[in-house]
Amino acid sequence: MISGPANGTNRVLRLIAGRIGAAMLTLFLVSLIIFAISDLLPGDAAQEALGQTATPAQVAALRHEMGLDRPAYERFGSWIVSLAGGDAGTSLVANMPVGKIIAQRLPNSLLLAAITTLVAVPLALAIGIASAMNRGGRLDRALNIATLSMVAVPEFLVATLAVLIFSVKLRWLPSISMLPEKASWAQLFQNFAMPVMALCVVVVAQMARMTRAAVIDQFDRPYVEMAILKGLSAPRVVLFHILPNAVGPIVNAMALSLSYLLGGAIIVETIFNYPGLASLMVNAVTSRDMPLLQACAMIFCAVYLLLMLIADVVAIVANPRLRNA
């Protein structure tokens, strides 16, 4: 007979396996959508490469050479099989492996996302917890107004205003974020300051509001009232009682907020000409480089699903009700 802890572990493993299976199925369906949408874009790489002066015969010959005249289902089948084997294909414009092109840009995007996360997560947690601890007070109302205002402001407006103020008016920061190979800490700060600020505005606001809601939900629980009646201070109650029980919702809030970086990075990287994966995808759309566009889109979707999967797993492990469901 299976013991209680072992039975609970089996339930957790089944739940996690189910989440992984759902994520893989979602990723396959997303690949269908990505391929269909990219195939519907007007024009193709052959027309873009030859220009408007090319004859139909020249365009047809180049399309045949690139394999663009094959039926859509054949191209999708070849692409998904190669992608599953780790081969994202060859760029139609650069005529080099897509994986090699992405490998040059992906570390830059990961670095930007990591720095944004290091800044946004502690700031959002501090704002959310402070707002929850002062629920209904002046500080709470002020933080609510501030976070609502931040959520309402799109990142492209924040980025544009940052350029106008800090680059054009004050001349403190460069308007283009370049990454020198041997950059000092001062140069790194100057190059990352405005992109990180533009991404943090909305991310911090969303994460802070969801953290506030999760902490307030725990504040109304009986165990918190008991801890307060025992004379424990509010910071101690929050750190040692509320946060361990609210870790599931908070991690889910972090995952949802950080996934916003995927969409925001496209705009921010384009405005600041940051050499990352998002700006590479924009260039692929312009040049109709479908293998590169599809690979970049799949990476963004895979990262989003990975964040959601991590949040689900943390929620399952942290919540006894889900473990024993």
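The values are calculated or read from the model by the stated rules, or taken from the named source; none is laboratory data. No experiment lies behind these values; they were computed from the predicted model shown. FYI the Cβ positions are ideal-geometry reconstructions off the backbone, even for glycines, and counts take in every protein chain you see. Please note that ligands, DNA and RNA were not included when accessible areas were found on the heavy atoms of the full protein model with its side chains. Shrake-Rupley method; radii C 1.70, N 1.55, O 1.52, S 1.80 Å.
So, Arg138, is that one charged (D, E, K, R), open to solvent by 60 Å² or more (accessible area, probe 1.4 Å), more than 14 Å from Ile271 (Cβ to Cβ) and under 25 Å from the mean Cα position of the chain (by Cα) or not? Please lay out each step first, then the result.
Values: charged (D, E, K, R): yes; open to solvent by 60 Å² or more (accessible area, probe 1.4 Å): yes; more than 14 Å from Ile271 (Cβ to Cβ): yes; under 25 Å from the mean Cα position of the chain (by Cα): no.
So Arg138 does not fit the description; no.
Can you say whether Ala130 is within 30 Å of Asp220 (Cβ to Cβ) and loosely packed, with under 14 Cβ neighbours inside 10 Å, as far as the supplied structure shows? Explain how you work it out, then say what you get.
Values: within 30 Å of Asp220 (Cβ to Cβ): yes; loosely packed, with under 14 Cβ neighbours inside 10 Å: no.
So Ala130 does not fit the description; no.
Name the residue, out of Ser82, Ser91, that is surrounded by fewer than 17 Cβ atoms within 10 Å (Cβ to Cβ), more than 20 Å from the chain's Cα centre (by Cα) and at pLDDT 80 or above. Before you say what the answer is, go through the steps one by one.
Values: Ser91 fails: surrounded by fewer than 17 Cβ atoms within 10 Å (Cβ to Cβ).
The conditions single out Ser82.
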Where in the range 269-325 are the helices (runs of 4 or more DSSP H), entirely inside, with at least 3 residues that are at pLDDT 80 or above? 277-287, 290-318
Among Ser131, Ser184, which is closer than 23 Å to Leu261 by Cβ and not β-branched (Val, Ile, Thr)? Ser131
Scan the range 153-187 for residues that are surrounded by 15 or more Cβ atoms within 10 Å (Cβ to Cβ), without any contact (Cβ under 8 Å) to a residue 24 or more places away in the chain and farther than 23 Å from Ala205 by Cβ and jot them down. Pro174
Criterion (open to solvent by 10 Å² or more (accessible area, probe 1.4 Å) and either under 22 Å from the mean Cα position of the chain (by Cα) or closer than 28 Å to Ala114 by Cβ (or both)) met by exactly one of Met210, Met226: Met210
Which residue pairs have Cβ atoms closer than 6 Å, lie 6 or more positions apart in sequence or on different chains, and pair a first residue in the range 61-76 that is farther than 17 Å from Ala295 by Cα and without any contact (Cβ under 8 Å) to a residue 60 or more places away in the chain with a second residue that is open to solvent by 50 Å² or more (accessible area, probe 1.4 Å) and not in a helix (DSSP H, G or I)? Arg63/Asp69
Quickly run through the range 250-285 and pick out the residues that are polar (S, T, N, Q), open to solvent by 30 Å² or more (accessible area, probe 1.4 Å), more than 16 Å from Ala193 (Cα to Cα) and free of Cβ contacts under 8 Å to residues at least 60 places away in the same chain. Asn283
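Of everything in the range 94-106 that's assigned to a helix (DSSP H, G or I) and open to solvent by 70 Å² or more (accessible area, probe 1.4 Å), which residue is farthest from Val59 (Cα to Cα)? Lay out the reasoning, then the answer.
First, the residues of the range 94-106 that are assigned to a helix (DSSP H, G or I): 98-106.
From the residues that got through so far, the ones that are open to solvent by 70 Å² or more (accessible area, probe 1.4 Å) too are 100, 104.
Numbers: Lys100: 27, Gln104: 30 Å.
Top of the filtered list is Gln104.
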